[in-house]
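In what follows, a structure is listed as structure tokens, so that the remarks can point back to it.
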Amino acid sequence: MAATQEEIVAGLAEIVNEIAGIPTEDVQLDKSFTDDLDVDSLSMVEVVVAAEERFDVKIPDDDVKNLKTVGDAADYIAKHQS
Amino acid sequence: MNSTNRTVVVTGIGATTPLGGDAASTWEGLLAGRSGISLLEQEWAADLPVRIAGQIAVEPTEIIPRPQARKLDRSAQFALIAAREAWQDAGFAGPAGEESSVDPDRLGAVIASGIGGVTTLLDQYDVLKEKGVRRVSPHTVPMLMPNSPSANVGIDLNARAGVHTPVSACASGAEAIGYAIEMIRTGRADVVIAGGTEAAIHPLPIVAFGNMMAMSKNNDDPQGASRPYDVDRNGFVLGEGSGVIILESEEHAKARGARIYVEAVGQGISADSHHITQPDPSGSGIAQAVQNLLDQTDLKPAEIVHANAHATSTPQGDIGELKALRKVLGDDLNHVAVSATKSMTGHLLGGAGGVETVATVLALKNRVAPPTINIENLDPEADADIVRGEPRALPEGTIAALNDSFGFGGHNVVLAFRTV
């Protein structure tokens with residue numbers, strides 16, 4: 001069963017908290033991974049791999065560069081999850 | 001910078017070792033003659049021929065927050081903890097620049113390890129085999145590269161004068177400190193964070209060293225296993241941890257009113273060019289290093305009252321070192337109190353030169369040499385004044401001490417420090 005956007009954002013918040021130590025409540029739709037959440041390009045790979053496992057979705061490397069904000073990622077996951 | 005022969009001093013020290021989580025507790029353990037060696041109770045150690053090691057007293061993950069720790073190999077975690085302690089001890093508030101009185105362009109970092117991020121490398125290979133390509137951490141390369149501890153310390157404290165990592169097996173930490181002394185002496189930097197670190201307590205290095213017949217297999221008596229100069233010594237005991245010092249030009253230290261521990265007089269370096277792992281039995285390479293130290297610095301043999309020996313508790317190595325010291329120093333070796341602190345910490349490989357420099361600096365500053373423990377029957381070939389059992393007071397006046405480190409590959413590094 002597909003996750004709702006709310007569930008996806010909550011899941012991303014847990015992942016970002018685990019990887020970058022940012023409090024889950026600070027992980028909001030408009031936040032940039034790089035500029036606001038201390039997720040550098042290497043850590044972004046970890047976020048993507050964790051999100052793929054959690055939401056059963058494939059995020060090809062070429063698409064990762066378009067995921068600038070939490071909202072970008074949440075939309076991508078909502079659209080592509082099986 | 002016109003001056004090319006500036007005086008270099010030590011203004012800060014830091015350590016995390018099997019004896020304690022900082023320099024003070026490590027020193028206290030050394031003076032008390034306490035062994036930091038224990039049984040490896042991890043599941044992976046159960047069937048190994050060697051099941052003892054000097055494991056870190058305070059886990060680095062208790063200090064470094066998890067988001068940062070998970071991007072650092074254990075060796076870099078140790079180095080960061082020791083470097084931050086040394087930095088604070090030197091009286092600096094925050095990183096170089098606005099927060100402390102050091103110009104970042106005049107601050108260097110030279111932290112070495114013998115093996116680098118070996119546990120990261122092996123753990124990630126396990127991940128690759130067991131969980132697949134996608135799960136291998138993107139941080140693997142920056143974690144396992146041997147320059148990672150130095151680079152991470154350099155970033156943490158804002159060092160821009162140069163960040164270096166000399167690699168010479170068990171001489172690495174000492175070579176790093178020697179390199180740092182030269183950076184300041186020749187005018188490349190005013191302050192350098194220098195030392196060594198190692199984190200190699202993992203089944204593969206333990207089995208590999210064990211198969212070389214280099215390690216003690218006294219699993220029944222962990223605390224008595226590291227016994228330099230004892231007739232029954234049968235190999236080294238692996239330790240982990242880091243020791244880091246702050247080196248500074250005397251001019252820079254005095255201008256900011258820093259506390260000066262000792263002068264870093266300089267180094268003597270040589271290579272055996274003999275065998276990749278066996279020390280030259282004549283000790284000529286080590287003797288040449290000591291001779292180079294005397295020829296290339298203003299150190300006087302009469303000043304030397306203490307030596308923190310390399311002495312790893314191997315049958316050949318311990319005696320070869322003493323023979324080399326005798327060859328160069330002659331009767332002047334009679335007034336040198338020789339301590340083998342590896343009897344308590346184990347052998348920290350590339351971290352040894354860092355931790356033992358911290359011990360040497362504190363021995364001079366406090367005028368007391370730490371003991372060598374576990375000598376029940378002194379090897380009659382140990383032709384030197386070995387400090388046994390209890391600490392030994394060192395004389396008044398201007399005194400100097402040596403810190404020896406030698407590494408597989410035939411690397412010989414002898415550092416010298418002197419009271420100010």
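Since every read-out is calculated from the coordinates, none of them should be taken as a lab result. What you see is a predicted model; the values in this text were computed from it and never measured. All Cβ positions, glycine included, derive from the backbone under ideal geometry; neighbour counts span all protein chains shown.
The table that follows gives values for the structure above.
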{"quantity": "³J(HN,Hα) computed for each position of the stretch B:330-337 - Karplus, 6.51 cos²θ - 1.76 cosθ + 1.60, integer Hz, glycine/proline x", "calculated": "x, 5, 5, 5, 5, 9, 10, 7"}
{"quantity": "Neighbour-count order for B:Leu107, B:Leu30, fewest beta carbons within 10 angstrom listed first", "calculated": "B:Leu107, B:Leu30"}
{"quantity": "Spin-label zone in the stretch B:122-159 - amide nitrogen under 14 Å from a point set 7 Å from the Cα of B:Asp103 along the C-beta vector", "calculated": "none"}
{"quantity": "Cα-Cα pairs of the protein assembly as shown separated by more than 35 Å (percent)", "calculated": "36"}
{"quantity": "Shielding of B:60-68 by partner chains, average beta-carbon count, 10 Å", "calculated": "2"}
{"quantity": "Kyte-Doolittle at least -1.0, axis length at least 20 Å by Cα - qualifying DSSP helices, chain B", "calculated": "B:74-89, B:315-329, B:352-366"}
{"quantity": "Per-selection Rg to Rh, the stretch B:8-255 - Cα, Kirkwood hydrodynamic radius", "calculated": "0.99"}
{"quantity": "Potential extension, B:Ser38-B:Gln68 segment - 0.36 nm per residue separation minus Cα distance", "calculated": "8.0 nm"}
{"quantity": "Distant-in-sequence amide H partners of B:Gly239 (H built 1.01 Å from N, under 5 Å)", "calculated": "B:Gly54, B:His347, B:Leu348, B:Leu349"}
{"quantity": "Helix-derived mean residue ellipticity, 222 nm - over chain B, DSSP H n ≥ 4, -39500 (n - 2.57), to 500", "calculated": "-9500 deg cm²/dmol"}
{"quantity": "Point-to-point label distance, B:Asp298-A:Glu52, nm (Cα→Cβ direction, 7 Å offset)", "calculated": "6.4"}
{"quantity": "Simple label model, 7 Å out from Cα along Cβ direction - A:Asp62 to B:Lys129, nm", "calculated": "3.5"}
{"quantity": "Residues with amide H under 5 Å from that of B:Met215, placed H, sequence gap 5 or more", "calculated": "B:Phe236"}
{"quantity": "For B:Val262, net neighbour charge (Lys/Arg +1, Asp/Glu -1) across residues whose Cβ lies under 13 Å away", "calculated": "0"}
{"quantity": "Once the Cα gyration tensor of the stretch B:223-354 is diagonalised, semi-axes √(5λ) in Å", "calculated": "27, 20, 14"}
{"quantity": "Distance between modelled label sites at B:Val420 and B:Ala255, nm, 7 Å Cα→Cβ extension", "calculated": "1.4"}
{"quantity": "Set of the stretch B:30-58 residues, backbone N closer than 11 Å to the point 7 Å along the Cα-Cβ line of B:Asn366", "calculated": "B:30-33"}
{"quantity": "Difference of contour (0.36 nm per residue) and Cα-Cα distance, A:Thr4 to A:Ser41", "calculated": "10.7 nm"}
{"quantity": "Farthest toward positive dipole pole in the stretch B:8-255 [+1 Lys/Arg, -1 Asp/Glu at C-beta], among B:Ala194, B:Gly154, B:Ala96", "calculated": "B:Gly154"}
{"quantity": "Too-long pairs where the Cα-Cα distance tops 30 Å, listed order kept, from A:Lys65/B:Lys131; A:Lys65/B:Lys129; A:Lys58/B:Lys129; A:Lys68/B:Lys129; B:Lys131/B:Lys342", "calculated": "A:Lys68/B:Lys129; B:Lys131/B:Lys342"}
{"quantity": "Exposed-loop-free span, longest in chain A, where trypsin sites (Lys or Arg not before Pro) count as exposed if DSSP calls them loop and at most 15 other C-beta atoms lie within 10 Å", "calculated": "A:1-57"}
{"quantity": "Hits among lysines - C-alpha to C-alpha of B:Lys254 under 24 Å, sequence gap 8 or more where chains match", "calculated": "B:Lys365"}
{"quantity": "Whole-number D in µm²/s for chain B (Stokes-Einstein; Kirkwood sum over Cα pairs; 25 °C, 0.890 mPa s)", "calculated": "117"}
{"quantity": "Hits among aspartates and glutamates - C-alpha to C-alpha of B:Lys217 under 13 Å, sequence gap 8 or more where chains match", "calculated": "B:Asp47, B:Asp232"}
{"quantity": "Modelled label reach - A:Ser82, point 7 Å along Cα→Cβ, the stretch A:33-69 residues with backbone N closer than 14 Å", "calculated": "A:52-60"}
{"quantity": "In sequence order, calculated HN-Hα J values of the stretch A:47-57 (Karplus, 6.51, -1.76, 1.60; Hz; x Gly/Pro)", "calculated": "4, 5, 4, 5, 5, 4, 5, 5, 10, 6, 9"}
{"quantity": "In order through the stretch B:396-412: 3J(HN,Hα) via Karplus (6.51 cos²θ - 1.76 cosθ + 1.60), integer Hz, x for Gly, Pro", "calculated": "6, x, 6, 10, 10, 9, 9, 10, 8, 9, 10, x, 3, x, x, 7, 10"}
{"quantity": "About the Cα centre, charge dipole magnitude for the stretch B:8-255 (Lys/Arg +1, Asp/Glu -1 at Cβ), debye", "calculated": "660"}
{"quantity": "Cα-based shape type of the stretch B:266-418, given that a ≥ b ≥ c are square roots of the gyration tensor eigenvalues and the cut on a/c is 1.5", "calculated": "rounded"}
{"quantity": "Per-residue mean of C-beta atoms belonging to partner chains within 10 Å, peptide B:138-150", "calculated": "1"}
{"quantity": "Long-range amide H partners of B:Ser100 with built H, under 5 Å", "calculated": "B:Gly94"}
